[in-house]
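Asker: Mind looking over this structure? Questions follow.
Any read-out appearing in this document is the output of simple, stated calculations on the displayed coordinates, not a laboratory observation. Since the structure is predicted, the reported quantities are computational estimates derived from the model, not experimental observations. No Cβ is skipped: glycine too gets one built from the backbone with ideal geometry, and neighbour counts run over all protein chains shown.
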Amino acid sequence: MSPDSTPRHIAIIMDGNGRWAQERGLSRQDGHRAGVENIRRIVEGCVEMGVGYLTVYAFSTENWARPEEEVNVLISLLGEAIVRQTPILHEEGVRIRHLGSLDRLPQHQQAAVRAALDLTKENDRLVLSAAYNYGGRAEILQAVRRMIEDGLRPEDVTEERFGEYLYTAGLPDPDLILRTAGEMRLSNYLIWQAAYAEYWSTPVYWPDFGKEHLAQAIADYGRRKRKFGGLLKE
Ligand code: IPE
Ligand code: IPE
Ligand code: MG
């Protein structure tokens, strides 16, 4: 058991791969490769620090707007990582979930994602959710469409029921949203689920973000006073 001061669910916006590469005179592709590699380190850190749920923003619905070459590089690096990392994560007791739509992804990748979800579905050491081809607004719209298809009546549409139609159904809301590379925005990430999350941002670029930074974020979180609109209990 981890103490109350440890966030149960951390959601990360892994930003700054491009700037990391540029500062080293490398290509953006090299930056993305280093970024995808770094996910392992942080998964490990979360397991060690007693975090139960880790969600990572791997590719947004807006990222399709990047040059085709960069999109292809990202998609292929992420696809390789799914294939390569799934057996290792499974071995470590990690459950993999996917948040987003598989629609625009290559067929073989759709199959690889489905296989990863299926293989790891009984694991409970850490739930690793990959927000891959994910957008918060798209998520909300698909939920509304499916609720209408299911014939829900207005009075059935509660926050709980709505949550069951989101990609995150069954996951607790994120306690801590962490963004690397200095930006202070959500970029369409978990916009419903983030209602009461604590925010934390660091100038460190994602490929350089290590366990020591994760530990710092968790320590800072532990000192926050969460009130959820109420008053603090003495
Ligand atoms: C994050 O790094 C990776 C994705 C958004 C997929 P960026 O590619 O956004 O890096 P910067 O922001 O250009 O430095
Ligand atoms: C957010 O980063 C998306 C991911 C990390 C996958 P971006 O780099 O795409 O965000 P903006 O464009 O700076 O808002
Ligand atoms: Mg960026």
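Asker: Quick check on the chain: what are the equivalent-ellipsoid semi-axes from the Cα gyration tensor, as sqrt(5λ), descending, whole Å?
Answerer: Equivalent ellipsoid of the chain: 26, 24, 18 Å, largest first.
Asker: Follow-up question, since we're still on this one. For segment 5-67, calculate the relative contact order in percent as a whole number, restricting contacts to Cα pairs under 8 Å that are 6 or more residues apart.
Answerer: On the way: 53 pairs, mean separation 30.3, N = 63.
Worked out over segment 5-67, it gives 48 percent.
Asker: How high is the relative contact order of segment 133-234, in percent, with contacts defined as C-alpha pairs under 8 Å that are six or more residues apart? Don't skip to the end; give the middle numbers.
Answerer: On the way: 77 pairs, mean separation 26.9, N = 102.
It comes to 26 percent, rounded to a whole number.
Asker: Looking at segment 138-216 from every direction and averaging, what is the projected area of its Cα convex hull in nm²?
Answerer: Working: hull surface 25.2 nm².
Directional mean of the projected Cα hull area for segment 138-216 stands at 6.3 nm².
Asker: Where the only charges are on Cβ atoms (+1 Lys, Arg; -1 Asp, Glu), what is the dipole of segment 1-55 about its Cα centre, to the nearest 20 debye?
Answerer: With Lys and Arg at +1 and Asp and Glu at -1, about 180 debye.
Asker: Collect residues whose amide H, placed 1.01 Å from N in the peptide plane, falls under 5 Å from the amide H of MET14; neighbours closer than 5 in sequence don't count.
Answerer: Amide H neighbours of MET14, under 5 Å, 5+ apart: TYR57.
Asker: Cα convex hull of segment 1-113: how many Å³ per residue?
Answerer: Values: hull volume 13.5 nm³, N = 113.
Expressed per residue, the convex hull around the Cα atoms of segment 1-113 is 119 Å³.
Asker: Please report the relative contact order for the chain, taking Cα pairs under 8 Å with a sequence separation of at least 6, and give it as a percent rounded to a whole number.
Answerer: This gives 30 percent for the chain.
Asker: Among the lysines, select those whose C-alpha is under 20 Å from the C-alpha of LYS233, and discard any that sit fewer than 8 residues away in the same chain.
Answerer: Answer for LYS233, where 20 Å is the Cα cut-off: LYS225, listed by chain and number.
Asker: Output the peptides 158-165, 18-25 sorted from most to least packed, where packing is the average of other Cβ atoms within 10 Å over each peptide's residues. Before the final figure, lay out each step's value.
Answerer: Numbers: 158-165: 12.9, 18-25: 15.9.
Those peptides, ordered most packed to least, come out 18-25, 158-165.
Asker: With a 10 Å radius around each residue's Cβ, average the other Cβ atoms per peptide and rank 177-187, 101-111, highest first.
Answerer: By packing density, highest mean first, the sequence is 177-187, 101-111.
Asker: Provide the packing ranking of 27-33, 133-139, i.e. peptides ordered by the mean count of other C-beta atoms within 10 Å per residue, highest first.
Answerer: For the peptides 27-33, 133-139, the packing ranking is 133-139, 27-33.
Asker: As an exercise, find the ratio Rg/Rh for segment 60-193 from alpha-carbon atoms, using the Kirkwood inverse-distance average for Rh.
Answerer: In segment 60-193, Rg relative to Rh is 0.98.
Asker: Note down the magnitude of the dipole of segment 1-106 about its Cα centre, charges +1 on Lys and Arg C-beta and -1 on Asp and Glu C-beta and zero elsewhere, to the nearest 20 debye.
Answerer: 60
Asker: Using the 10 angstrom Cβ neighbour count as an exposure proxy, how do SER76, SER129 rank, fewest first?
Answerer: Result, fewest neighbours first: SER76, SER129.
Asker: First select every other residue whose beta carbon is under 12 angstrom from the beta carbon of ALA130; then total the charges, Lys and Arg +1, Asp and Glu -1.
Answerer: Local charge sum for ALA130: +2.
Asker: OK, next. At 222 nm, what helix-only mean residue ellipticity would the chain give, in deg cm²/dmol to the nearest 500, using -39500 (n - 2.57) for each DSSP H run of four or more?
Answerer: Values: 7 runs with 98 residues, N = 234.
The helix-only estimate for the chain comes to -13500 deg cm²/dmol at 222 nm.
Asker: Quick check: convex hull of the Cα atoms in segment 33-90, volume per residue, rounded to a whole Å³? Write down the numbers at each step before the final one.
Answerer: Numbers: hull volume 5.0 nm³, N = 58.
Hull volume normalised by residue count: 87 Å³.
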